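The values are calculated or read from the model by the stated rules, or taken from the named source; none is laboratory data. If you're wondering where the values come from, they're calculated on a predicted model, not measured in any experiment. Positions of Cβ are backbone-derived with ideal geometry, glycine not excepted, and every protein chain shown enters the neighbour counts. Surface accessibility is based on the protein's heavy atoms, side chains included, excluding ligands, DNA and RNA. Shrake-Rupley method; radii C 1.70, N 1.55, O 1.52, S 1.80 Å.
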Amino acid sequence: MPEKDSRHLLDRLAEIEDPRKKKGKRHPLHSLLGLVLIGIMSGHKGYTPTATWARSQPDLVQALGFTHKTSPCPATIHNVLRELKADVVEEVFTNWAEDVCKSRPDLEGCFDVVAIDGKTLRASKKCGAAISHLLSVVSHELGVTLTQQGVSDKTNEIPVSTEILKNFDVSGKVITTDALLTQKTFCHAIIAGNGDYVLPVKNNQPELYDDIQKLFQGVPDTLSEEATHPILGEPIHIHETVEKSHGRLETRCLKAGTSLNEHLDWPGIAQVIQHHYTYKNLNTGEETTKVQYGITSLTPEAASAERLLEIRRGHWSIENKSHWIRDTQLGEDASPVRCGAIPQVMAALRNAALAVLRFAGVTRIADKIKYYASKPLLAVNLITECF
């Protein structure tokens, strides 16, 4: 029997409720899920190629704890995944990821700042899956998914955003999103959970947008870390960065102030933000300038202008550290699975596979997948060891 409260991922898979009847059950659920997980880590982008591949890997099958003489066929895996409860699978992976981080001093704080963003499973959507859009919570630092929740076609991300906060410990975390989720109910739920937010403000909140825009009109750009508002006489905190890369010069300037705190009827608001950035093409001389606005519940003492700029830039790590890898390296966008819970369960297993690699210190995901394709038993070692 798996050890209770083990940090071994294979043991944690045994905590998932098995939907099958005992009669006729040949393969342990944790072994079956472990096989799909190892298949993902070894470059097999679905359970069908994984099942076929496993028939030629007797040592792998034995290492995962299978007791029957043959490994499961694709139909068996399909039938099991279809009946699983996606929320239970997500809860097991969430608890495992949090426990790994708590046990590793080098990972301390890796979930202190998390991004919440949606991702559509495109092939599943085309095939008519009931749930084909997932709202994910991803660590800025590691790109590890803490939890995710399905978004029905009958609703959108806004109501689901407050529900997903119940799936993990919000306390002490800073949450970033895109402008769609800049909503009072969402911010209230974060503050009620003892968390904080750094959110963009666009025209979906017109009054808030106009108030912040007017505040920063006439505030001069300066290389110092603080300026004074020309009318209100109150301090404006400033941080600027200049970076040269890929043939362009990027200048970013973030200004933050507290002057609107009492005026704005917004849960927990502590600062408003202006983010001004310019891209200059060094070959053509062409410049592109954009100005964005935002709000945060972090006080100037808790987060300087420099820290706020870092957090806002870090939000987009969810795309290149998680979503892009899931699509290009793990084959999620092209996966046509559609039955029952399979789309979300497979997405959760891909998230777990990526988390295993991130916790092991892997940065070149594609190279490691090729490596495990020829040495899958080493991948088994990762999911059966305490990180």
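Quick notes
- Residue selected from region 308-367 under the condition under 20 Å from Thr177 (Cα atoms) and charged (D, E, K, R), by the criterion farthest from the chain's Cα centre (by Cα): Glu310
- Complete set of residues in region 145-160 that are of a type outside the set (D, E, K, R) and more than 13 Å from the chain's Cα centre (by Cα): Gly150, Val151, Ser152, Thr155, Asn156, Ile158, Pro159, Val160
- The residue pairs whose first member lies in region 75-101 and is under 22 Å from His8 (Cβ atoms), whose second member is hydroxyl-bearing (Ser, Thr, Tyr), and whose beta carbons are closer than 7 Å, counting only pairs six or more residues apart or on different chains, are Ile77/Tyr47; Leu81/Tyr47; Glu90/Thr147; Thr94/Thr147.
- Meets criteria (open to solvent by 30 Å² or more (accessible area, probe 1.4 Å), touching a Leu at 6+ places or on another chain (Cβ under 7 Å) and closer than 26 Å to Arg82 by Cα) for Thr384: yes
- Counting only residues that are assigned to a strand (DSSP E or B) and not hydroxyl-bearing (Ser, Thr, Tyr), region 214-253 holds 16 of them.
- Verdict on Ser56 being buried (at least 21 other Cβ atoms within 10 Å of the Cβ) and among the hydroxyl-bearing types (Ser, Thr, Tyr): no
- Here Arg312 meets each of (1) within 21 Å of Tyr197 (Cα to Cα); (2) in a helix (DSSP H, G or I); (3) open to solvent by less than 10 Å² (accessible area, probe 1.4 Å) with one exception, condition (3).
- Output for region 258-291, where each listed residue is touching a Phe, Trp or Tyr at 6+ places or on another chain (Cβ under 8 Å), open to solvent by 70 Å² or more (accessible area, probe 1.4 Å) and within 30 Å of Thr185 (Cα to Cα): Lys290
- Flag for Thr155 being out of contact with any helix residue (DSSP H, G or I) (no Cβ under 9 Å at 6 or more places or on another chain), over 30 Å from Gly257 (Cα atoms) and either surrounded by fewer than 17 Cβ atoms within 10 Å (Cβ to Cβ) or modelled with pLDDT of 95 or more (or both): yes
- Cross-chain or 6+ apart pairs with Cβ under 8 Å, region 259-288 first and free of Cβ contacts under 8 Å to residues at least 12 places away in the same chain, then part of a loop (DSSP other than H, G, I, E, B): Asn261/Ile269; Asn261/Ala270
- Any chance Thr162 is in contact with a Phe, Trp or Tyr (Cβ under 6 Å, 6 or more places away or on another chain) and open to solvent by 10 Å² or more (accessible area, probe 1.4 Å): yes
- Unique residue being β-branched (Val, Ile, Thr), part of a loop (DSSP other than H, G, I, E, B) and in contact with a Gly (Cβ under 9 Å, 6 or more places away or on another chain) when the list is Ile131, Ile175: Ile131
- Criterion: farther than 30 Å from Val201 by Cβ and either out of contact with any helix residue (DSSP H, G or I) (no Cβ under 9 Å at 6 or more places or on another chain) or in a helix (DSSP H, G or I) (or both) - qualifying residue of Ala352, Ala334, Ala302: Ala352
- Scanning region 102-126 for residues being at pLDDT below 95, more than 28 Å from His8 (Cα to Cα) and part of a loop (DSSP other than H, G, I, E, B) gives a total of 0.
- Positions within region 292-306 being open to solvent by 20 Å² or more (accessible area, probe 1.4 Å), in contact with a strand residue (DSSP E or B) (Cβ under 9 Å, 6 or more places away or on another chain) and over 19 Å from Leu232 (Cβ atoms), in sequence order: Gln292, Ala302, Ser304, Glu306
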